[in-house]
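These notes are about the structure you will find just below.
The values are calculated or read from the model by the stated rules, or taken from the named source; none is laboratory data. Just so it is clear, the structure is predicted and the values come from calculations on it, not from any experiment. Cβ placement follows ideal geometry from the backbone for every residue including glycine, while neighbour counts extend to all protein chains displayed.
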Amino acid sequence: MVRGSTARFAWLRWSFIALCCIALVAKWAPSAKGAEPVPDKTGAFQSTPTPASVPGYTKLDPQKMTAEQVAGGIDAVAKSSSHNFYAINFVWVLVAGFLVIFMQAGFALVETGLCRAKNAAHTMSMNFLVYALGMFGFFVSGFALMCGGLNGTVIGGPVTLGGTPTLSHMFTVGSAVGGDHGWGLFGTTGFFLSGNGYDACAIVLFLFMMAFMDTTATIVTGACAERWRFKSFFIFSIFVGGFTYPIFGSWVWGGGWLAQMGYRLGFGHGAVDYAGSGVVHLQGGALALITAKMLGPRIGKYINGQPQAILPHHIPMVQLGTFILAFGWFGFNAGSSLAGTDGRIGIVAANTMIAGMAASLSGVVYMWNVYGKPDPSMMCNSMLAGLVAITSPCAFVTPVGAFIIGAVAGVLVVWSVFFIERLGIDDPVGAISVHGANGVWGLISVGLFSDGSYGQGWSNVGATSYMGVVGRGVTGLFYGDPTQLIAQLIEAGVCIGWNVACGGIIFWFIGKLIGGNRVSREIELGGLDVPEMGVPGYPDFVLRETDILE
């Protein structure tokens, strides 16, 4: 009995060993190292910083005052202001992170409602457990790979939180330029949040970044719903959090090579992805594309090569979940400022809301006009598509730009859903279209609609002036900078290529390891709830022997 149990869970043991090996290899990989800063475990540095660290503060000259005591009092006030500056930012980032984590409930309701009742417990359980699985991978190795080199390049860490000087080791290649140590590939410190990762600022950043990673991992569960083995989902989700997501995340948000394209190659401000249309949503969409393709369509989805509608079982659940997601998105986008003291967060929040509104309306009008009915499920996907699309450009565009971006997204998602369906790829919830197609559109939108009013010094480009204009920030094609669009297109292409290739290989290997990623035909026809989870989502829908006898 013991021997059989050991064999049954060998796949879990080997997946854990593989993830730990990734962490060990990355930890001892060659990296640029300088003096070792001491981690701030208690947050004392952020609590009592120097007055000069407060943006805009200038220490007054005591000789110009009527008394030195007055100058000392002003200095004390500045110290208190400095403390409050970091405290406000800490609280803002944590609260925003909590909002993003609550989005998991929205995803769970949307995906479960769009599936059939016989698979409700299985779909909901994937959305529930992916939170722990992705976080486990991110805790073991993901955060270190993604953010462990934040200060390993000249791009640096979030100064709004006091900086992350201990996250300074990054594996790089090539020659140094502009004070960096070469093209950054991945971080090499902060595994298990130990050592240099045991730092107050770093751990706040971990919580926020973990919430974003979890969104990417969740997207895959929707595209693979109603036929994905729970065992395969279990292993794959760990690797999303521990390897695939953070590697690409490091290239954009961790000071890596995509972010460096601005000051190294002259491509605008490098890859600009404010809240993650690419890092979060396109990654999830690309992983969903390859895994759904490899799993194959659900039984009955295609008859004689023609797609058939498989109706969702709970539309009100889908709409409630969509509203929860729309609410959490304010933390997703506005929280990405990493600063409650950033005056731009109001514009970010308003742009987010406007794009969701525009997408909802354009999607409904399009469906109503072309297909005769507004379609509640497509209405929800249109709103989500607009929110995905505005996620990258939300801080850099005008409200009118946000409206246009959202309006395009609302129609784009409809086109994409039917296009993906005609390709023979079965996506029960439209995840590939919502997050993948509109993730690409969001990245492109940065390169088109950014008006230069925000983002000065982004990724060490234009710290004093850009394109000959003092204070000019990220600028798109429509405002005079075609090179930013090049950087955005490169990010989109690399994101798709990395996740399709790496995610596909991992998914294939897992299938070989456990004897297949898909449930049997009998289980799929009968429903995954009882065979895979042990209990039905809706017991009253199950015909029992006692019911027959009565």
Practice prompt. Select from the stretch 150-182 the residues that are free of Cβ contacts under 8 Å to residues at least 60 places away in the same chain, among the hydrophobic types (A, V, I, L, M, F, W, C) and farther than 29 Å from Trp92 by Cβ and write down the one among them that is surrounded by the most Cβ atoms within 10 Å (Cβ to Cβ).
Written response: Ala176
Item to complete: Pairs only if they're at least six apart or on different chains, beta carbon under 9 angstrom, first in the stretch 489-518 and touching a residue at least 60 places away in the same chain (Cβ under 8 Å), second assigned to a strand (DSSP E or B) and among the basic types (Lys, Arg); list them, first residue then second.
Response: Gly511/Arg518
Response to the item:
Scanning the stretch 363-410 residue by residue, those touching an Asp or Glu at 6+ places or on another chain (Cβ under 6 Å) and in a helix (DSSP H, G or I) turn out to be Met367
Discussion item. Condition first: part of a helix (DSSP H, G or I), closer than 24 Å to Pro399 by Cα and at pLDDT 95 or above. Can you find one or more residues in the stretch 460-474 that meet it?
Written reply: no
Worksheet entry | Any chance Ser168 is assigned to a loop (DSSP other than H, G, I, E, B) and within 23 Å of the chain's Cα centre (by Cα) | yes
Practice prompt. Could you please find all residues in the stretch 403-448 being within 15 Å of Tyr366 (Cα to Cα) and hydroxyl-bearing (Ser, Thr, Tyr)?
Written response: Ser416
Worksheet, complete the sentence: For the stretch 410-440 the number of residues that are farther than 16 Å from Ile219 by Cβ and touching a residue at least 40 places away in the same chain (Cβ under 8 Å) is 6
Discussion item. For the structure I just gave you, tell me whether Gly137 is farther than 21 Å from Met213 by Cβ and either among the hydrophobic types (A, V, I, L, M, F, W, C) or out of contact with any Asp or Glu (no Cβ under 9 Å at 6 or more places or on another chain) (or both).
Written reply: no
